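I have placed the structure first, in the form of structure tokens, so that the comments after it can refer back to it.
The values are calculated or read from the model by the stated rules, or taken from the named source; none is laboratory data. In this text the structure is predicted, and so the values were computed from the model without any measurement. A quick note on method: Cβ atoms are made from the backbone with ideal geometry, for glycine too, and the neighbour counts reach across all protein chains shown.
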Ligand SMILES: Cc1cc2nc3c(=O)[nH]c(=O)nc-3n(C[C@H](O)[C@H](O)[C@H](O)COP(=O)(O)OP(=O)(O)OC[C@H]3O[C@@H](n4cnc5c(N)ncnc54)[C@H](O)[C@@H]3O)c2cc1C
């Protein structure tokens, strides 16, 4: 069977793209290295303001069965170890797939923040804790400390608590070249003020409003040392985890008070007993296959880091190579789904050699991505829209300079 | 901090990478060749963003460039899958 399109990644972006492309009659194969469809959707479980529960596992099931009904082929537990223009996709079971179009929907990876002791068993990335807990149904520990405060770790703290884990607190990482702003209490107060519509606790909302009303370093000064409780979990923005200790596994963490700027006050430390530590350093786009293919990259921190250059229609500079989902920038699952649909329409336009006919549909899909982005209750980067605009400008500049040559 | 492991696969501590950068390594590839950081089973998926933070200048923003230091295979692979007849 000749494929029209190979999709790498069965997350929300890849699944939505598969459905859209197959509904136009394209022969589609989706490859994923995990045993299940859904990607990061599978761990997602949280309450959205005014919309109720978001249960990623159920959405994954629905998308997958829709794709199967449309005749999409799925290959699970197959790692793509390289792609070659134009296009061969090599899998780890001796198999090569060929197609004129490839969609990279490989998602994101977690950015680690190393702190002394981070290699002791029982320390993990916060996303690993989410997968253990919500997918494998294993509690990552009995008493868990979370290091790193962001929308992801706040969400996962809540999920761990629902699973019966005692989340003893959330603290900052110590200042280092790796933690950057994540070690700065002022940055967090500013970020919290952007999320205060989501904040469950009146005090947190107050902290958020305070940060809006007065300069953040003043708000940080007034922030209580023992933290502010959110769902009964102390959110300690004036403490950092400076060392994780334990002989064979995690036994305790040393916390230190920090200044308003996040500097460690060495004489003010305490030890807290835990059997698990989850570190949250944020996400970065997983674009290694685009790099191997020779795609040009750009570095846009607003989108989460180094990203393959792409157009608003989600094509790259290499003919037949497309991107969708978190590989284009870190956003929530709904945006990834809308992007998957858009990428598929661009690909159908190329396959049918009739971009003109598809243009109105592509335009509509682009508007949908924008709308979903505006309505998203979860935003990983406050400046995402600016990042998208910069990407588009760089794309246009590159095209102009290429046609001038 | 100095003894802290940065590349977990190859067990390379922070001090080794810092020393290499001080001695003039400017790219991911140079650090990799000097220290083996990023040459283990995960191929830098964990340590690459960390080593990037230690390089003299992070990639300039708002420019289009070819990214270096990625090598196939990007996943661990049996030799029999690589050298198929
Ligand atoms: C730990 C974590 C928690 C998150 N929690 C939330 C949340 O609560 N709410 C929210 O809206 N967003 C959350 N996100 C953001 C999340 O990335 C998006 O919601 C969405 O899942 C992105 O979709 P995607 O299809 O781009 O990628 P993913 O869902 O990550 O799917 C990518 C798929 O590609 C596969 N893959 C990658 N490389 C290869 C390869 N070489 N060979 C074969 N298969 C490969 C992976 O196995 C994976 O299944 C979270 C992200 C992470 C990392």
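When we screen A:69, A:96 for residues that are away from the ligand (no atom under 12 Å from the Cβ), surrounded by fewer than 18 Cβ atoms within 10 Å (Cβ to Cβ) and under 27 Å from residue B:42 (Cα atoms), the only hit is A:96. For segment A:291-329, name all the residues that are more than 16 Å from the ligand (Cβ to nearest atom) and assigned to a loop (DSSP other than H, G, I, E, B). Within segment A:291-329, A:294, A:309, A:311, A:312, A:313, A:317, A:318, A:319, A:320 meet the criteria.
Every condition in (1) surrounded by fewer than 24 Cβ atoms within 10 Å (Cβ to Cβ); (2) more than 8 Å from the ligand (Cβ to nearest atom); (3) farther than 21 Å from residue A:4 by Cα is met by residue A:332 except one, and the failing one is (2). For segment A:355-390, filtering for residues that are in contact with a strand residue (DSSP E or B) (Cβ under 8 Å, 6 or more places away or on another chain) and more than 16 Å from the ligand (Cβ to nearest atom) leaves 1. Consider residue B:43 carefully, then state whether it is more than 21 Å from residue A:177 (Cα to Cα), buried (at least 18 other Cβ atoms within 10 Å of the Cβ) and within 9 Å of chain A (Cβ to nearest Cβ). When the stated conditions are applied, residue B:43 passes them. Here residue A:120 passes the criteria (1) within 14 Å of chain B (Cβ to nearest Cβ); (2) at pLDDT below 95 except the one numbered (2). If a residue has to be within 11 Å of the ligand (Cβ to nearest atom) and surrounded by fewer than 17 Cβ atoms within 10 Å (Cβ to Cβ) to count, how many in segment A:72-84 make the cut? Residues that pass the stated criteria total 2. Would segment A:116-123 turn up any residue that is closer than 27 Å to residue A:8 by Cα and not in a loop (DSSP other than H, G, I, E, B)? Looking for residues that are closer than 27 Å to residue A:8 by Cα and not in a loop (DSSP other than H, G, I, E, B), one finds none in segment A:116-123, hence no.
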